[in-house]
Amino acid sequence: MSATSNTLLGKLLDMLYPPDVACALCGRETLLGNNRLCDICRASLAPSPALHCPPQLDGIVAAFRYAGAARNGIRALKYQGQARLAPFFADAITIPPEWQIDCVVPVPLHPLKRWLRSYNQSELIAKELCARLRIPQQSSLLRRTRFTKSQTTLSGFERAKNVSQAFSALPAVRGKSILLIDDVTTTHSTLLACAIALRAAGAARVYAASATAATHDSDRESID
Ligand SMILES: [Zn+2]
């Protein structure tokens, strides 16, 4: 049921455009199967392989490989303002039960980029995840203090250098167990820079969950 269906106008719109005939990812109206996905999207979704956890993190998971419909969905959420995709990706993230989390912090955009885009796609996913986990979201605990250039064409080492010291965390993270949320991770350089800033401010544990992971060279085009 759509969020608008409590109102008369919402009910009328649901009758005209039933919400359950549009694919949850691409929006195409067709016969849907499991997870409200069309055949094309379902066939192209691949779960992310287990990710190697770097020492700066206490754990890292991702829902999907950044390819096919997952990649199209992230790009639509990021560049076309399709906020309806945030619940889809939040639902797909499985947090291991042993992770003890005090608060959820999305990877921040630089304030200028946030202003230009008017929203942060990772924050939208984090908000949905918080509602499911009943954990507070505290976006303000971590800030991006430097504008970093696009990571698209950089090597792993250059990415790490590009984003190192680009973040700063508030002292309120001291002793807390933090879950970082990202939309796409490649070499984890951004998540690591966030983790380093959080630990420098005294965070006890830092976990990371990403909606997608670009695990293959072919996945790594058009990421920024
Ligand atoms: Zn679809």
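Descriptive notes on the structure:
- Any pair with Cβ under 8 angstrom, 6 or more apart, that starts in segment 23-38 at a residue that is within 15 Å of Ala92 (Cα to Cα) and ends at one that is near the ligand (Cβ under 7 Å from one of its atoms) and modelled with pLDDT under 85: none
- Take the conditions (1) at pLDDT 90 or above; (2) in a helix (DSSP H, G or I); Val184 misses just one of them, which is (2).
- Against the test of being at pLDDT 95 or above, among the hydroxyl-bearing types (Ser, Thr, Tyr) and either on the phi > 0 side of the Ramachandran plot or surrounded by 21 or more Cβ atoms within 10 Å (Cβ to Cβ) (or both), the options Ser222, Ser177, Ser210 yield a single qualifying residue, Ser210.
- Residue count for segment 93-142 satisfying the condition of being aliphatic (A, V, I, L, M), in a helix (DSSP H, G or I) and surrounded by fewer than 18 Cβ atoms within 10 Å (Cβ to Cβ): 4.
- Considering segment 17-68, and only residues there that are loosely packed, with under 14 Cβ neighbours inside 10 Å and of a type in the set (A, V, I, L, M, F, W, C), the residue that is farthest from the ligand (Cβ to nearest atom) turns out to be Ala50.
- Considering the conditions (1) buried (at least 18 other Cβ atoms within 10 Å of the Cβ); (2) on the phi > 0 side of the Ramachandran plot; (3) of a type in the set (Gly, Ala, Ser), Ala90 is excluded by exactly one of them, (2).
The values are calculated or read from the model by the stated rules, or taken from the named source; none is laboratory data. Note that the structure is predicted; figures quoted are calculated from it, not measured. Neighbour counts are summed over all protein chains in view; Cβ atoms, including those assigned to glycine, are modelled from backbone coordinates with ideal geometry.
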